[in-house]
Amino acid sequence: MVPKTPWTGVYDATGGYIIVKKDGELISYHLLRKNYFEDYLLNFTKLDSPSTSRHQYGEIYFENNQAYFNLNLQIRFSDLKTSP
């Protein structure tokens, strides 16, 4: 990203994160080829809803005189696509 150049959303450089926990321990997450990984996930995963009978998805239930229902969503690997 440089001044006067619109950002395309594609990173030219990737790095990672360093997290310092309260006890002083360091945790490092390194991102190698971030754009490639994001493209892979977008091309080879799909959103799916689980079994309504097994997970009580969409059924109304009551707690403390309030009505609720579960909205379940899963991310699954899809079949290989022939084109991205």
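Worth a mention:
- Nitroxide proxy distance, nm - points 7 Å out along Cα→Cβ at residue 71 and residue 52: 1.7
- Remark on residue 45: its backbone amide H falls under 5 Å from those of 78, a criterion applied only to residues 5 or more positions apart or on other chains, H modelled at 1.01 Å from N.
- Mean residue ellipticity at 222 nm, helices only, the chain: -4500 deg cm²/dmol; runs of at least 4 DSSP H residues each add -39,500 (n - 2.57), and the sum is divided by the number of residues.
- Relative contact order of the chain: 22 percent, from C-alpha pairs under 8 Å at least 6 residues apart in sequence.
Quick note: the coordinates plus some simple rules give every number you see, no bench work behind them. In this text the structure is predicted, and so the values were computed from the model without any measurement. Virtual Cβ from ideal backbone geometry, glycine too; neighbours counted across all protein chains shown.
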